[in-house]
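The structure under discussion appears below in the form of structure tokens.
The values are calculated or read from the model by the stated rules, or taken from the named source; none is laboratory data. What you see is a predicted model; the values in this text were computed from it and never measured. When we count neighbours, we look across all protein chains shown, and the Cβ atoms used for this are built from the backbone with ideal geometry, even at glycine. We work out accessible area using only protein heavy atoms, side chains counted, and drop any ligands, DNA or RNA first. Shrake-Rupley method; radii C 1.70, N 1.55, O 1.52, S 1.80 Å.
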Amino acid sequence: METQTISTGINVSPIVSMLNYNGRYGEYGGAYIPEILAKPLERVSHEFDQLAKDKSFNNEYIHYLKQFVGRPSPLYLAQRLSAYVGSTIYLKREDLNHTGSHKINNTIGQVLVAKRLGAKEIIAETGAGQHGVATATAAALMGIPCKVFMGAKDVERQTLNVRRMKLLGAEVITTEMGTATLKDAVDAALGYYIEHPTSYYLLGSQVGPHPYPKMVGYFQSVIGQEARAQIIAQEGRLPQAIFACIGGGSNAIGLFSGFLNDMEVGIYGAEGGGLAIPSNTAATLSFGKPTIFQGTYSYCLVDANGNPTESHSVAAGLDYPGISPQHAYLKDTKRANYLPITDPEAIDAYKILSELEGIIPAIESSHAIALAAKTLKNKNMLAIVNLSGRGDKDVDRDI
Ligand SMILES: *Cc1c(COP(=O)(O)O)cnc(C)c1O
């Protein structure tokens, strides 16, 4: 078997038994992991496949989505934004979820999976702290101990989220390795997981090895299912275009999955463009190349030697050099369009939505607003934009 090196510096081999249809989106996806994680991840994969078909599991999940998260989230007609753009724009209000974004849909689902697997603790890594808070929240809800790994630099920059996690009973483990940011937190969490394979590793986006992209896609699909039923109830027809921002790709696949078979619906993903030049961007699908990164084969931002590089975006949630293998497939097959939105364009949209609608969007979600405003200008089209999160976390910064 061919040996591959992933960013953790651990030598790994593709786990051939896991490279089945379910683990691949076209040629993308799969599981490029150290041998020692093959068994635990196969167990997660097998258990998830059973649970996804299990009525009682799905009912329990839906119960928490309704009673704890506050779903369904409204599909809100943004009248003043619509008039400003010259198209009819609905916002899918994931910002109104408990804890303020779509991330909670996934963390509750995966903590329920962990519980059924009998896991004794949940581990997760976080950059800006949003996924850490969503994980700590779900772990507190289910009464499972939780460890969140975080780079020392991020701990310093994100004091509010660190306090939230601690208040929720999570243990925040600081790593001083490397640049002491997200990538190093991933390495630290992976290292811990390898030593404690009875814990459950909770990934926060549609990335990483099989079965995570499939599982995260499943738990976020509630967004698209609701949105499709809501637009038909409210407008009597399907939208002509839908928009979401893309970090790892989880909120986007959540919305997109509800409309993939509706070929008349145009699908648009807004990447964190940074300055939209190769040396300063997080627009993986626009500027990256297919490569193996953090357990999966997908597009990635790479240097001249083909090694993964750092990304740059004003939005912490979009600041990731990798991307979901499913989005890589949707790009190549041209079912979806992916375009970079620059930092200044996103900041403009952040201010415009706040002033026009009384809704302060997350700076991540502002990328989707900006792409929609550009694409739909005076087109008189019907569209949905996923408002993945609220912007309270961004107000403190000088943008
Ligand atoms: C984390 C985050 C994102 C990016 O993650 P995806 O997996 O691409 O959805 C987008 N918006 C908000 C509000 C986030 O917190």
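Being surrounded by 16 or more Cβ atoms within 10 Å (Cβ to Cβ) and among the β-branched types (Val, Ile, Thr) is the filter here, so list the residues in the stretch 161-193 that pass it.
Correct list: VAL162, VAL172, ILE173, THR174, THR175, THR181, VAL186.
Which condition breaks for LEU255 when tested against (1) open to solvent by less than 60 Å² (accessible area, probe 1.4 Å); (2) in the same structural domain as GLY295 (by TED's automatic domain parsing); (3) in a loop (DSSP other than H, G, I, E, B); (4) farther than 22 Å from LEU51 by Cβ?
Every listed condition holds for LEU255 apart from (3).
Considering only the stretch 222-237, state which residues are in contact (Cβ under 8 Å) with a residue 40 or more places away in the chain, out of contact with any His (no Cβ under 7 Å at 6 or more places or on another chain) and among the hydrophobic types (A, V, I, L, M, F, W, C).
Those that are in contact (Cβ under 8 Å) with a residue 40 or more places away in the chain, out of contact with any His (no Cβ under 7 Å at 6 or more places or on another chain) and among the hydrophobic types (A, V, I, L, M, F, W, C): VAL222, ALA227, ILE231.
Being modelled with pLDDT of 95 or more, open to solvent by 10 Å² or more (accessible area, probe 1.4 Å) and closer than 27 Å to ILE292 by Cα narrows it down to one residue among GLU47, GLU35; which is it?
One residue alone meets the criteria, GLU47.
Count, please, the residues in the stretch 366-399 that happen to be farther than 18 Å from SER250 by Cβ and among the small types (Gly, Ala, Ser).
So the answer is 5.
For the stretch 267-280, which residues satisfy the criterion of being surrounded by fewer than 18 Cβ atoms within 10 Å (Cβ to Cβ), in a strand (DSSP E or B) and either touching a strand residue (DSSP E or B) at 6+ places or on another chain (Cβ under 9 Å) or polar (S, T, N, Q) (or both)?
Hit for the stretch 267-280 is ASN280, nothing else.
With a cut-off of at least 3 residues that are touching a Lys or Arg at 6+ places or on another chain (Cβ under 8 Å), within 15 Å of the ligand (Cβ to nearest atom) and modelled with pLDDT of 95 or more, name the strands (runs of 3 or more DSSP E) lying wholly within the stretch 281-395.
Ranges flagged: 382-387.
Against the conditions (1) surrounded by fewer than 24 Cβ atoms within 10 Å (Cβ to Cβ); (2) part of a helix (DSSP H, G or I), where does ILE223 fall short? Just the number, please.
(1)
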